[in-house]
Structures are given as structure tokens and as C-alpha cells.
1. As a check on your grasp of the helix formula, calculate [θ] at 222 nm for the chain: sum -39500 (n - 2.57) over DSSP H runs of n ≥ 4, divide by the residue count, round to the nearest 500.
2. Carbon-plus-sulfur fraction of the accessible area of the stretch 45-103, 1.4 Å probe, in percent?
3. Go through (1) 7.3; (2) 6.3; (3) 5.6 and flag the label whose value is the computed mean projected area of the Cα convex hull in nm² for this structure.
4. Would you grab the residues whose amide H sits under 5 Å from the one on Asp37? Only those 5+ places off in sequence or on another chain, please, with H modelled 1.01 Å from N.
5. Pairs of alpha-carbon atoms within less than 8 angstrom and 6+ residues apart define the contacts here; what relative contact order does the chain have, in percent?
6. Working out 0.36 nm times the residue gap between Glu50 and Arg98, then minus their Cα-Cα distance, what length gain in nm do you get to one decimal?
7. What FRET efficiency would be calculated for the residue pair Leu3, His27, taking the C-beta separation as r and a Förster radius of 22 Å, to the nearest 0.05?
8. Using each residue's phi in the stretch 4-12, evaluate 6.51 cos²θ - 1.76 cosθ + 1.60 at θ = phi - 60° and report the 3J(HN,Hα) Karplus result to the nearest Hz, with x for Gly and Pro.
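The values are calculated or read from the model by the stated rules, or taken from the named source; none is laboratory data. Quantities reported herein were computed from a predicted structural model and do not represent experimental measurements. Backbone-built Cβ (ideal geometry, glycine too); neighbour counts: all protein chains shown. Accessible surface areas use protein heavy atoms only, side chains included; no ligands, DNA or RNA. Shrake-Rupley method; radii C 1.70, N 1.55, O 1.52, S 1.80 Å.
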Amino acid sequence: QELLPSEGWRVLWARDGNEALRLFHAHREEIALVFTDIGLPGVDGWQVAEGVRNEAPGMPLLFASGAFRRGDRDRKYQPPVAYLAKHYATSQVLKTIRSLVPA
């Protein structure tokens, strides 16, 4: 919760997938990347990604999970998209975000 703001990123935090979709819809023009966990309560991270890409097809997506299953990374998401397996280093998060959202 502190890493991205300390690097100059404004972050909108959502408690669950439904809130994430509401925030995305309300702030779409301000959002440069959607970073979602797969295991969100209610609407999961895959469903968040679908909703986001329906509104903004080129929106960069970053998925995180402690339990990616076989085939998860084979889902048909057009780039830009990346995956981080938990437990990841903060440097890995920053490097991945920078690769998805050029300065």
C-alpha cells in the first residue's frame, strides 16, 4: 500500500472485485494500469479484467496470485498483460509495472 505511492503513482484501492469495477468505471480516464489479484472476493480478478477490457481494450493488466493454476496464463488477453506469482519482490513489481506503462 505504500510502495506505489512512494514511487509517485496515485493508487485507487478496492476491497473486492465489484468495488474495483466501480472505481474503474468512475475513474477510467485517470487509470494507467489495473493490478488485480485473481482471488478477489465476489467478482474475481479474471472477471475484473474482462470488465476492464470491455470498457478499455488496451488497458494494461497485471495479475497477481499465490495460486495460479495450469492454464491461467494461457487466457486470451491481448497485451499489455503480465503475471506475478506471490511472494514477489517489490523490485519485481516496479519493473513489471514500468514494462506495462512506459513513462
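1. -10000 deg cm²/dmol
2. On the way: 1810 of 3630 Å².
In the stretch 45-103, the share of accessible area belonging to carbon and sulfur is 50 percent.
3. Correct label, based on the coordinates given: (2).
4. Excluding prolines and chain starts, which carry no amide H, the hits are Ala64.
5. It rounds to 23 percent for the chain.
6. Values: separation 48, 0.36 × 48 = 17.28 nm, distance 2.23 nm.
That pair, Glu50 and Arg98, stretches by 15.1 nm at full extension.
7. 0.65
8. 5, x, 5, 9, x, 8, 8, 10, 9
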